[in-house]
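Presented below is the structure to which this report refers.
The values are calculated or read from the model by the stated rules, or taken from the named source; none is laboratory data. Quick caveat, the model's predicted, so the values are computed rather than measured. Don't worry about glycine lacking a Cβ; one is built from the backbone with ideal geometry, like all the others, and counts go over all protein chains shown. For accessibility, only protein heavy atoms count, side chains too; no ligands or nucleic acids. Shrake-Rupley method; radii C 1.70, N 1.55, O 1.52, S 1.80 Å.
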Amino acid sequence: MDAETELIIPVKKLEKSKMTFAEVFTEDQRRDLTLAMIEDILEVARLTKRIESAVVSPDKNVLEFVKERGARSISEADIGLNNALEMAIEKSIEGGFRNVLILPGDVPLIKPDDLRNILDLLPEGRGVVITPSKEKGTNALLLSPPDLMDLHFGGESFSEHFEEAMSRGVRPRIYRSDRLERDIDRPEDLLKIETLGKGTKTHSFLGSLK
C-alpha cells in the first residue's frame, strides 16, 4: 500500500439523499445528482495519488457504484452518520492507513490541489486539519492517527471538532478553500456548478436536464 491516507465519504440511502432538492428534482434526478458528485470526488482523489478512497453507506447500489470506480465499499446498517464514520475508521486502521480524510459527498468542485494542500498541512505525529463549511459545519476533517478523537458531524460541527481536537492536546490547522467550503445542498447552489464546475460529472448531469 503506497498511500498512507484513506478518504472516507459517507453516503445516505439514495432515496433519502438530497431531499432539499425534492421540489425541483425527481427522486431519480436526486439519485443521479448524488452519484455524479460522488464520482467527481473519487476522480479528484484518484488524481491526487496520495490517497485511497472508501465510501461507507447503507445503500447497496451506492456501494456497487463506487466499487466499479475503484473505491473500497463499506456497508453499514443505517446506524447514523458519526457511528458509520467511526466504523469506517476502524476499517481504515485495520487496513494499515495512518491517516483518514473525511469529506461529505456533495463537494464536487474540489480539486486535486485542495487534497494535496490539506495533506501538506498535516504535521508530523498527531494532527488534525479542518475545513469549515459556509454554514459552520465541517467539510473536511483529516485525522492522524485515524482514531485521534470523537466525531461530531451534523449541524454546526466545526467548533465542536475544533474543541474536541484541543481537548486531545492537538491544535487543528485550518484549510480554507471556496471550492471545498461550498457544498451543494440547495437548488441555488447549482449556479456554482454551472459557473465553476465545467468538466465535472455534476456539470454534465445538470446539462442533461436542459
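Things to note:
- Pro123 outside any strand (DSSP E or B), touching a residue at least 40 places away in the same chain (Cβ under 8 Å) and either open to solvent by 10 Å² or more (accessible area, probe 1.4 Å) or at positive phi (or both): yes
- Residue in the range 54-75 that is in a helix (DSSP H, G or I), surrounded by 20 or more Cβ atoms within 10 Å (Cβ to Cβ) and not hydrophobic (A, V, I, L, M, F, W, C) present: no
- Hey, Pro108 under 15 Å from Ile184 (Cα atoms) and buried (at least 20 other Cβ atoms within 10 Å of the Cβ) or not: yes
- Meets criteria (open to solvent by 10 Å² or more (accessible area, probe 1.4 Å), over 22 Å from Lys91 (Cα atoms) and aromatic (Phe, Trp, Tyr)) for Phe158: yes
- Residue that is least open to solvent (accessible area, probe 1.4 Å), among those in the range 76-98 that are assigned to a helix (DSSP H, G or I) and among the charged types (D, E, K, R): Glu86
- Pairs meeting the criteria (first residue in the range 79-97 and at positive phi, second residue open to solvent by 70 Å² or more (accessible area, probe 1.4 Å), beta carbons under 6 Å, at least 6 apart or on different chains) are Gly96/Met1.
- Filter result for Ala36 (under 17 Å from Ser204 (Cβ atoms), touching a residue at least 60 places away in the same chain (Cβ under 8 Å) and not β-branched (Val, Ile, Thr)): yes
- In the range 180-191, the residues that are at pLDDT 90 or above, closer than 18 Å to Lys111 by Cβ and either out of contact with any strand residue (DSSP E or B) (no Cβ under 8 Å at 6 or more places or on another chain) or among the polar types (S, T, N, Q) (or both): Ile184, Asp189
- So Leu196, is it touching a helix residue (DSSP H, G or I) at 6+ places or on another chain (Cβ under 8 Å), open to solvent by less than 20 Å² (accessible area, probe 1.4 Å) and either hydrophobic (A, V, I, L, M, F, W, C) or touching a residue at least 24 places away in the same chain (Cβ under 8 Å) (or both): no
- Taken over the range 199-210, the criterion of being without any contact (Cβ under 8 Å) to a residue 24 or more places away in the chain and in a loop (DSSP other than H, G, I, E, B) is satisfied by Gly199, Lys210.
- The single condition among (1) surrounded by 15 or more Cβ atoms within 10 Å (Cβ to Cβ); (2) of a type outside the set (Ser, Thr, Tyr); (3) touching an Asp or Glu at 6+ places or on another chain (Cβ under 6 Å) that Lys136 does not meet is (1).
- There is no residue in the range 178-191 that is open to solvent by less than 20 Å² (accessible area, probe 1.4 Å), more than 18 Å from the chain's Cα centre (by Cα) and among the aliphatic types (A, V, I, L, M).
- Residue in the range 167-181 that is acidic (Asp, Glu) and not in a loop (DSSP other than H, G, I, E, B) present: yes
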